[in-house]
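To start, the structure itself, in structure tokens.
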Amino acid sequence: MVRWQQQNQILSQTKTIENQPYLATKIDRQRAWVEIDVNALAHNVREIKTLLSPQTALMAVVKADAYGHGAEIVAKTVLEHGASWLAVATVTEGIDLRQAGIDCGILILGAINSPEEIIEIAKWQLQPTICNSQQALIFSDVLSKMRTTLPVHLKLDTGMSRLGTNWQNSSEFVKLVYQLPYLKVKSIYSHLATADDPDPTIMLLQQQRFEDAISHLKTQGIVSPCLHLANSAATLSDESFHYDLVRVGLALYGLYPAPHLKSKINLKPVLQVKARVTQVKTLAPGTGVSYSHKYISDRDLTVAVVSIGYADGVVRNLSNNLPAIIRGQLVPQIGAITMDQLVVDVSSISNLQPGEIVTFLGQDGDRSITADDWAASLNTISWEILCGFKHRLPRIIKC
């Protein structure tokens, strides 16, 4: 009981995100939550900035609710500590940031084709990506009727085979946009497909294609005011990829895009996932645990039911393969993870009480569990893990 009281005192010192659709309350903090360390976030921005020349700006990628961290608090923190641009995926993500009072340049990375969205982009002073000539003409038509000029960013496809005009055909596309009176080119950019691979061959090929396209444009008198190519991995890999700005996502949140990049800078994970014990009980040998009895006890066990499940973002395929930390000790999760609850074996912990905190991602004492650990177990990537935590988990700010 004393330990729970101490944990409550510590937790009460945190602040909740204001003006968010998921406000944390005292009741919310008694179940499960995502804890955001804004000091770690600020540290990561400063570390990334050490890699950049004074001429290279930092664009913070805050799409997907800042990779599940909370876009508003992340945006305000990174801008305060050295970022000068933001990037989102959708129009509504950009509008949310404007409504939060953020007035920096906001790049929309996704492709926009509907007049309704273009009108909103102009209204909220967002900056879209233009991927091809057809899209440019749609923008031009809508903006001419509005008699509004809009900053735009042109995307070239140098090998990602996703959005953008093929680099070999880029001259006609870029020249067209420069001739459209209501479109003002803010930058030309491309996206790397294999920057996290220790073998740089394809990354270097993409860079060469980008350079060739830009050089050809220069021969025709077209000079972009800004060039950018690097994602987190390329930013950490090689300063030759930095150009006028870098677009950093994952590294902001304290994770490395690949193991071989861990020596570049010292990043701190920003996000932790925690929940409370709701019941402690003893199981006899031969007792099945949770749905389908995928785990059967082979001895007397003390188990704890914990108030978090796959509806919160704890992936069901981690069942029987999910470590947790209680009082600085690693304990195994057992049985099927259910929608709202899961079970952990706490036989190694004496006198565990309902209300004690269980850490599923983050650090407690000398023990830590990362999104990379989950990703390795699931044969996926840490980006997917971070983006998977649902909004019914309150985001609580640790200062």
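Where a Cα-Cα gap under 19 Å defines reach, which aspartates and glutamates qualify for Lys264, not counting those fewer than 8 residues away within the same chain?
Glu47, Asp196, Asp197, Asp199, Asp238, Glu239, Asp372
What is the percent carbon and sulfur in the accessible area of the stretch 271-397, measuring with a 1.4 Å probe over the protein chains and ignoring ligands?
Carbon and sulfur atoms account for 46 percent of the accessible area of the stretch 271-397.
Considering only protein heavy atoms, what per residue accessible area in square angstrom results for the stretch 271-397 with a 1.4 angstrom probe?
Here the per-residue accessible area is 43 Å².
Give me the number: length gained by fully extending Arg316 to Thr92, i.e. 0.36 nm times residue separation minus the C-alpha to C-alpha distance, one decimal in nm.
Computed gain between Arg316 and Thr92 is 77.6 nm.
Among 392-398, 218-224, how do they line up by average Cβ neighbours within 10 Å per residue, starting with the highest?
Averaged packing, sorted descending, gives the order 392-398, 218-224.
Modelled label-to-label distance, Trp124 and Leu137, 7 Å Cα→beta-carbon offset: nm?
About 2.8 nm, to one decimal.
Which whole-percent values make up P(r) of the chain when all C-alpha to C-alpha distances are grouped in 10 Å steps starting at zero?
Calculated over all Cα pairs of the chain, the distribution is 5, 21, 27, 22, 14, 8, 3, 1 percent.
In nanometres, what is the gap between the two model label sites at Asp103 and Ala376, each 7 Å from Cα along Cα-to-Cβ?
Here the modelled spin labels are 4.7 nm apart.
Taking Cα atoms, how many degrees apart are the long axis of helix 133-146 and the longest axis of the chain, rounded to 10 and kept between 0 and 90?
That works out to roughly 80 degrees.
Per DSSP H run of n ≥ 4, the term is -39500 (n - 2.57); total these for the chain, divide by its residue number, and report the mean residue ellipticity at 222 nm rounded to 500 deg cm²/dmol.
The per-residue figure over the chain is -9000 deg cm²/dmol.
How high is the relative contact order of the chain, given as a whole-number percent (alpha carbon pairs under 8 Å, six or more residues apart)?
Averaging sequence separation for qualifying contacts and normalising by length gives 20 percent for the chain.
Cα gyration tensor of the stretch 204-262, axes a ≥ b ≥ c as square roots of the eigenvalues: rounded (a/c below 1.5), prolate (a/b > b/c) or oblate?
Prolate, since a/c reaches 1.5 and a/b exceeds b/c.
Using the basic label-point model (7 angstrom from Cα toward the beta carbon), what is the Asn266 to Ile296 distance in nanometres?
My value for the distance between the label points is 5.1 nm.
Would you mind getting the accessible area per residue of the stretch 55-253, heavy atoms of the protein chains only, 1.4 Å probe, in Å²?
40 Å²
Need one value: the accessible area of Trp85 in square angstrom, 1.4 angstrom probe, rounded to the nearest 10.
Roll a 1.4 Å probe over it and Trp85 shows about 40 Å².
Probe radius 1.4 Å, ligands and nucleic acids ignored: give me the carbon and sulfur share of the accessible area of the stretch 55-253 as a rounded percent.
Whole-percent figure for carbon plus sulfur exposure: 49.
From the Cα gyration tensor of the stretch 271-397, with a ≥ b ≥ c the square roots of its eigenvalues, which class applies: rounded if a/c is under 1.5, or else prolate if a/b is larger than b/c, or else oblate?
It comes out prolate by the Cα gyration axes.
For Lys186, go through the lysines and keep the ones whose alpha-carbon is under 28 Å away, minus same-chain ones fewer than eight residues off.
Lys49, Lys63, Lys76, Lys123, Lys145, Lys155, Lys175, Lys218
Given axes a ≥ b ≥ c from the Cα gyration tensor, I'd like to know whether the stretch 55-253 is rounded (a/c under 1.5), prolate (a/b larger than b/c) or oblate.
In terms of gyration-tensor shape, oblate.
The values are calculated or read from the model by the stated rules, or taken from the named source; none is laboratory data. Nothing here was measured: the structure is a model prediction, and the numbers come from that model. Note that we place each Cβ from the backbone using ideal geometry, even for glycine, and neighbour counts take in every protein chain shown. Areas reflect the complete protein model, heavy atoms only, side chains present, ligands, DNA and RNA absent. Shrake-Rupley method; radii C 1.70, N 1.55, O 1.52, S 1.80 Å.
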